[in-house]
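Some notes on the structure that comes next.
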Amino acid sequence: MAGMSPINWLSRTFLRDRFYFPNLRLSYIWIIWLAFLLGALVPSHGNSSNAPLQVMVTIPPQKYIVEQIGGSLVKVTTFVPESADPHSFEPTPRIINQLKNTQLFVAVGTLNVERKWLPRFQKMFPHLIVLSMAQALYKETTTTKRSPIFAPEGINPHIWLSPPIVLIHSRALYSVLIKFLPNNVETLEKNTLSWCHRLAQIDLECIKAFAPYQNRAFLVYHPAWFHFARAYDLIQLSVEKEGKNPGQKELAKLIREISKNNIKTLFVQSKPAPVTAQRLAKQLGLNIRTLNPLSYDWCDIITKAKEAFTQSLQNSSKEAEAR
């Protein structure tokens with residue numbers, strides 16, 4: 001947190017975006033943060049064995065996040081493999097069988113595959129506790145009967161790509177893990193503080209990198225970077241709308257926005273790029289770059305995004321100056 005006091009950083013992180021936290025007060029922030037720093041004890045779910053806690057997550061980046069806090073105390077499996085499409089994934093019998101021994105399911109809370117399967121899993125396995133990352137969109141940060149598992153329909157689902165949301169979620173994840181592992185509070189607290197410090201560094205690096213480009217736009221094929229853009233006062237332009245290619249009027253509008261913002265790079269999620277992306281890039285002379293939002297290493301995802309979007313914004317600025 002070099003260059004910014006803890007008070008200023010926490011205030012900025014929790015209060016900067018009223019879209020996510022419309023009713024959050026500074027007093028509430030400090031209550032939950034102080035409770036975390038003191039390692040507040042909460043009721044246990046009674047997992048007293050030496051075996052690792054069995055955790056399942058929806059997508060690979062969540063596995064990385066859980067492992068940063070749980071370390072060797074957890075064994076994490078992934079519901080949707082990195083090579084699969086989370087929008088259309090169907091679980092195999094092997095994955096469903098793994099849920100017999102799974103004690104905690106950490107969901108994103110915004111994906112249709114979760115809306116379809118999680119209610120079924122909860123009926124099949126009544127012992128299963130579910131923590132949803134979508135709870136970071138509300139002021140509740142722990143699992144309660146009142147906390148919704150799923151975010152409202154219409155919210156961009158890619159919430160794991162926002163460092164501020166991941167920070168709030170990490171606090172909730174810590175609180176849940178100490179319920180399962182009450183004899184390991186010290187280790188979990190140490191891991192979580194280290195992880196949150198790393199999150200703070202990444203967040204501040206992004207703030208610094210994007211400060212000269214507020215309200216500037218970058219172009220993606222699939223709209224995965226909405227929450228990332230919102231966190232750093234950027235604008236995401238996307239080719240796809242709700243999973244569909246644009247019509248002629250929408251495409252014409254998008255082309256005008258690309259020209260207006262002097263954009264020269266189109267970001268896709270995987271190779272080869274979709275045919276529509278290739279055609280648009282050829283038509284407008286755009287470079288195609290790949291950013292995979294489903295890679296396991298969450299820090300690597302965000303760092304690569306920071307560097308790639310910064311370069312794209314720099315090129316756009318140079319193009320504007322040359323005109």
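The values are calculated or read from the model by the stated rules, or taken from the named source; none is laboratory data. These figures come from a predicted structure and were not determined experimentally. Cβ: placed from backbone, ideal geometry, glycine included. Neighbour counts: every protein chain shown.
At-a-glance table
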quantity	calculated
Total residues in region 75-101, condition surrounded by 14 or more Cβ atoms within 10 Å (Cβ to Cβ) and either small (Gly, Ala, Ser) or at positive phi (or both)	1
Number of positions in region 175-194 that are in contact with a helix residue (DSSP H, G or I) (Cβ under 6 Å, 6 or more places away or on another chain) and of a type in the set (Ser, Thr, Tyr)	1
Members of region 260-282 that are exposed (fewer than 11 other Cβ atoms within 10 Å of the Cβ) and either touching a residue at least 12 places away in the same chain (Cβ under 8 Å) or within 27 Å of Ile59 (Cα to Cα) (or both)	Lys271, Pro272, Val275
Residue in region 184-191 that is more than 30 Å from Asn50 (Cα to Cα) and in contact (Cβ under 8 Å) with a residue 40 or more places away in the chain present	no
Residue in region 70-77 that is assigned by TED's automatic domain parsing to the domain that holds Pro157, more than 22 Å from the chain's Cα centre (by Cα) and in a loop (DSSP other than H, G, I, E, B) present	no
Residue match in region 269-289 (condition: aliphatic (A, V, I, L, M) and under 19 Å from Ile301 (Cα atoms))	yes
Meets criteria (assigned by TED's automatic domain parsing to the domain that holds Pro274, in contact (Cβ under 8 Å) with a residue 12 or more places away in the chain, touching a helix residue (DSSP H, G or I) at 6+ places or on another chain (Cβ under 9 Å) and crowded, with 17+ Cβ neighbours inside 10 Å) for His158	no
Among the residues listed as Arg230, Arg198, Arg216, the single one being of a type outside the set (A, V, I, L, M) and under 30 Å from Leu53 (Cβ atoms)	Arg198
Test for Lys241: is it surrounded by fewer than 16 Cβ atoms within 10 Å (Cβ to Cβ) and either touching a Cys at 6+ places or on another chain (Cβ under 6 Å) or at pLDDT below 95 (or both)	yes
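A quick yes/no check of all residues on (1) crowded, with 18+ Cβ neighbours inside 10 Å; (2) in the same structural domain as Ser88 (by TED's automatic domain parsing); (3) outside any loop (DSSP other than H, G, I, E, B); (4) within 17 Å of the chain's Cα centre (by Cα):
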| site | (1), (2), (3), (4) |
| --- | --- |
| Arg120 | no, yes, yes, no |
| Lys123 | no, yes, yes, no |
| Ala136 | yes, yes, yes, yes |
| Ile149 | yes, yes, no, yes |
| Leu188 | yes, yes, yes, no |
| Asn191 | yes, yes, yes, no |
| Cys196 | yes, yes, yes, yes |
| Asp203 | yes, yes, yes, yes |
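Conditions tested, residue by residue: (1) of a type in the set (Phe, Trp, Tyr); (2) under 28 Å from Val166 (Cβ atoms); (3) assigned by TED's automatic domain parsing to the domain that holds His158; (4) over 23 Å from the mean Cα position of the chain (by Cα).
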| position | (1), (2), (3), (4) |
| --- | --- |
| Ala252 | no, no, no, yes |
| Ser259 | no, no, no, yes |
| Ile263 | no, yes, no, yes |
| Ser270 | no, yes, no, no |
| Leu291 | no, yes, no, no |
| Leu294 | no, yes, no, no |
| Trp298 | yes, yes, no, no |
| Lys306 | no, yes, no, no |
| Ser316 | no, yes, no, yes |
